[in-house]
Amino acid sequence: MEKYSRLIQFIAGLTGFMFGVLVYIIDRPPMYVPGFVSNLSLYNQDSVISFGSFANNLPSFFHTFSFCLLLSCMTSQTKIKNTQILAFWLFVEISFELMQGKPFKDWLVQTQFFKENSGYILRNISAFINNGFFDTFDVVAILLGATLAYLLMLITSKEEKNEKIA
Amino acid sequence: MKRLHSIASKLLRTASISIVVLLGVTTIIASNFNGPSNTNPTPDPSNSKSVFKEISVYPTKRCPGTDVRAHWVTSPAKNIIIKLAGQTIEKGPRGDYVFMGQDLDSHQNIVEVEFRIDCNDCDVKKFKIQTSRGMDYYKSFGASLRDVNYRYRVILPPKEWDDKLVTHNIELSKPKIYTCSNSLTEHNLNWHYNKGRDSSGFLNKENGFRESFSRTIQTSGDWYFSISSPDNEYTCPGWELNTYNPSIIFGVSCQ
């Protein structure tokens, strides 16, 4: 049963991730999409195939949902572990979202944290902060994604526990 | 052998977890990838005229230090060129941009920013960004509210007006002369103003249709103006306002 729990979590996580990628393929101009995904772009401003106004926040939802589950399926299926995973991803996701907020941007300007000759990783973090905006709906999407992932973790872990007792 | 298997299993699990965490963080950072600056997008072969489907620049009435944000979407998708005081920035067909407060502060009080779609005969939008460095006066017109007679609303959208801008005084510019339909007699009527919980009062002949505020009142928001006749000395079936909706001059400065 444990294998099934992990498999369900893995498949759900991967599916969530694929849906997140799909938002970028359908609703983002290719020049804003990194790597090979930009070659798969189906973006068309006038297309009827679109996630509409949800496209702005769905990636946050799917990302949190999928990575909670992908990490969960690699660790022991206990309530404590699940909570730790959830707390970790919530911290990471919300921290990155807050970094796009004005106070943090102002702080970066004041301290000149990112120099022009910063390395590859710092340059990309700088681009992430400068090109993005803090969005409360993203935070809501993150919380929803985490909640859904946690429920799925609980359901699958519970089944595993019942199996062990039986 | 069993121990070796256990160690290998643990290592594999740690490596898998590390990869997932790394992938997770990398994909977050990549989510706002804007493409390297030297990327030349493939030119669009179609010559169809591109327009701004969405464009907003805010706040356009700002205080020193405040960043101004822009958002745009072009249709059909074409790259754009942003021009601000001689500076040129190339951007994609859809995006956001922040004009940093410090940069804007180095320009004059009024600076024009132009958004031009990078093709022949395509859409161009211009915005004026005004920086308040002392007392400034802005004139705004009231829009008639259809459900109430002689009640007007002046909308100063918070997105457009920096929330640091405060109003020190308001003055009715027009109309100041009121006559009743089919009559040439002028009447002394009051204008009642109201800004929700912030303030309310009267603008009339006695105070020169002008009101000063001793406490801080945020400029942005909805201001309501209505004709009132407190003494009910004269009832008129329809006031002639000389076809003018009220225009109000706001005296504002930064907090």
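Applying the selection to the range B:126-154, what residues are at pLDDT 85 or above, surrounded by fewer than 17 Cβ atoms within 10 Å (Cβ to Cβ) and more than 22 Å from B:Ile170 (Cβ to Cβ)?
B:Lys126, B:Lys128
Can you name the residue in the range A:54-113 that is of a type in the set (Gly, Ala, Ser) and under 14 Å from A:Tyr150 (Cβ atoms) and, of all such residues, is surrounded by the most Cβ atoms within 10 Å (Cβ to Cβ)?
So the residue we want is A:Ser72.
Looking for something in contact (Cβ under 8 Å) with a residue 24 or more places away in the chain, within 12 Å of the chain's Cα centre (by Cα) and within 11 Å of another protein chain (Cβ to nearest Cβ) - is there at least one such residue anywhere in the range A:98-110?
Checked against the condition, which is being in contact (Cβ under 8 Å) with a residue 24 or more places away in the chain, within 12 Å of the chain's Cα centre (by Cα) and within 11 Å of another protein chain (Cβ to nearest Cβ), the range A:98-110 yields no hits at all.
Do you know which of the residues in the range B:85-115 that are farther than 16 Å from A:Phe128 by Cα and among the β-branched types (Val, Ile, Thr) is surrounded by the most Cβ atoms within 10 Å (Cβ to Cβ)?
B:Val113
Can you pull out the helices (runs of 4 or more DSSP H) entirely within the range A:59-157 that have at least 2 residues that are at pLDDT 85 or above?
Per the criteria, A:79-99.
Please list, ordered by first then second residue, the pairs with beta carbon atoms under 6 Å, 6 or more apart or interchain, first in the range B:153-166 and under 19 Å from B:Phe213 (Cα atoms), second modelled with pLDDT of 90 or more and aromatic (Phe, Trp, Tyr).
These pairs meet every condition: B:Val154/B:Trp223.
Does B:Val57 meet the test of being at the interface with chain A (Cβ under 10 Å from one of its Cβ atoms), at pLDDT 90 or above and outside any loop (DSSP other than H, G, I, E, B)?
When the stated conditions are applied, B:Val57 does not pass them.
Which residues, taken from the range B:64-95, are under 17 Å from B:Val111 (Cβ atoms), free of Cβ contacts under 8 Å to residues at least 40 places away in the same chain and within 11 Å of chain A (Cβ to nearest Cβ)?
Those that are under 17 Å from B:Val111 (Cβ atoms), free of Cβ contacts under 8 Å to residues at least 40 places away in the same chain and within 11 Å of chain A (Cβ to nearest Cβ): B:Asp67, B:Arg69.
The values are calculated or read from the model by the stated rules, or taken from the named source; none is laboratory data. Note that this is a predicted model, so its numbers are computed, not measured. Please note: Cβ atoms are built from the backbone with ideal geometry, for glycine as well, and neighbour counts cover all protein chains shown.
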